[in-house]
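Enquirer: I have a structure here, written as structure tokens, and I will follow up with some questions on it.
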Amino acid sequence: MSGYDSFSRFLVDFYKDYIPIKAVNPDFGGEGETERAKFLESLLRKIGVDEIKHYDVPDKRVKGGIRPNIIAYIYGRNTDKTFWIIGHMDVVPEGDKSLWLYDPWSANISGDYIYGRGTEDDGQGIATGLLVLKMLRDYDIMPNINLGIAFVSDEEAGSNYGAKYLAFNTDVFKQSDEILIPDAGYPEGDKIEVAEKHILWLKIKALGKQAHASTPEKGINAHRLNMEFVLSVYNKIHDRFNKYNELFDPPVTTCEPTKKEKNIDNINTIPGVDTVYMDCRILTDYNPKEVLDFIREEAYNFSLERGCKIDVEVVSLDIAPKPTDPNSEFVRNFIKSLKEIRNIEARPIGIGGGTVAKYFREKGIPTIVWMTTEGTAHEPNERVKISNIINDARVIFYYLTSKKV
Ligand SMILES: [Zn+2]
């Protein structure tokens, strides 16, 4: 069998065993990752890695009482430095089963595709790591630096039992290491995520005065005034924080009104209270506190002018760490490997979404998020392309060994 066929066979066999071992995150009522971790460990032993370690975190909610995190190494010529591939084992539930073409909890092959919940998110990251290990063993080549694989728990619900725990409570990852997180990407594989925006979530509550809707002069319409306030603040934020940073996609600060709380049950009452939420993704060119102060100042002025008190409450604020340097040797060499193996001109980008990369960047470890994917995570008919995994693994193999397969 040629390389490509044997890799493809390996991936199909892997998925057939892996997908039926359900590992829904316990936050969504699932069983957790324990059984999957056992299966992956036996597979790692079969491939023949140099070292396996466990960093399990107690969690009473699951059978067995732990959330597993497995670390495996193949040593390199230089053992002081490790290139990491981090994949998460947990998945989200299948959602509405009637929308699926096939059983979401078995791997269904159709041409180049494998369907099933978790095939892409993050079975693709796990499979990519396993395939690179297998390539190193099949060709019996020692990588230039260590290859480290981390199969982690709990990505779908905050990573407190997984990547976040490993980053802040263990010394697994060193500042001199390099981290790849294959858990998001683009269909052409031509964008490498090196930065994320600050994420600010706000609750905006207007306090007016309830009255009969036929006599609005007797009340203060909190709903109308809140809409006015939010729209005016929406326009002003985009005028004031108008920097354009082309590293990011989209290249601007965004601040969107999103959730709306129910105010009153009936149509003929003027609501005295009205609550909406805003989701702001702020370029790293700004300090998010500046944006918050600006919104609070606007709220204060609006309250004075319009006689309707506006409260601005921070629901959450995620400060983005310093981006991974897009001109670092790591990123430049990774881009070069993509060009060499697949003739792709890749470029580093920043995104508005939040990934576990932020924990590692916070610790000063250069971290990229990349894989080649159509992006079907959490959807019905989630699927992965076998050829994408093989091509991604070939790029990583080249990055580690300067050899082509
Ligand atoms: Zn994921």
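Enquirer: Considering only the other residues whose Cβ falls under 13 Å of the Cβ of F14, what net charge follows from Lys and Arg at +1 and Asp and Glu at -1?
Expert: +3
Enquirer: Give the lysines whose C-alpha is closer than 30 Å to that of K339, dropping any in the same chain fewer than 8 places away, or say none.
Expert: Once the sequence-local lysines are set aside, what remains near K339 is K81, K134, K174, K191, K197, K322, K358, K363, K385, K403, K404.
Enquirer: Could you tell me the center-to-center distance, by alpha carbons, between the stretch 193-223 and the stretch 239-290 in angstrom?
Expert: Spelled out, the Cα-based centre of one part sits 11 Å from the other.
Enquirer: Continuing with this model, one more query. For K404, what charge total do you get from the other residues with a beta carbon under 10 Å from its beta carbon, if Lys and Arg give +1 and Asp and Glu give -1?
Expert: Spelling it out: positives minus negatives among the neighbours equals +1.
Enquirer: Continuing with this model, one more query. Cysteines of the chain lacking any other cysteine beta carbon under 4.7 Å?
Expert: Lacking a cysteine Cβ partner under 4.7 Å: C308.
Enquirer: Net charge near R332: determine it from the other residues with C-beta under 14 Å of the C-beta of R332, scoring Lys and Arg +1 and Asp and Glu -1.
Expert: -2
Enquirer: Let me ask another. Count the lysine pairs in the stretch 198-318 whose Cα atoms sit under 13 Å apart, keeping only pairs 8 or more residues apart in sequence or on different chains.
Expert: For the stretch 198-318, qualifying lysine pairs total 8.
Enquirer: Under a crude label model (7 Å from the Cα following the beta-carbon direction), how far is K16 from E51 in nanometres?
Expert: A separation of 3.5 nm, rounded to one decimal place.
Enquirer: In the chain, carbon and sulfur make up what percent of the accessible area (probe 1.4 Å)?
Expert: Its accessible area is 49 percent carbon and sulfur atoms.
The values are calculated or read from the model by the stated rules, or taken from the named source; none is laboratory data. Just so it is clear, the model here is predicted, and its values are computed rather than measured. As a convention, Cβ positions derive from the backbone with ideal geometry for all residues, glycine included, and neighbour counts pool all protein chains shown. Each accessible area value is taken on the protein alone, full model and side chains, heavy atoms only, with ligands, DNA and RNA left out. Shrake-Rupley method; radii C 1.70, N 1.55, O 1.52, S 1.80 Å.
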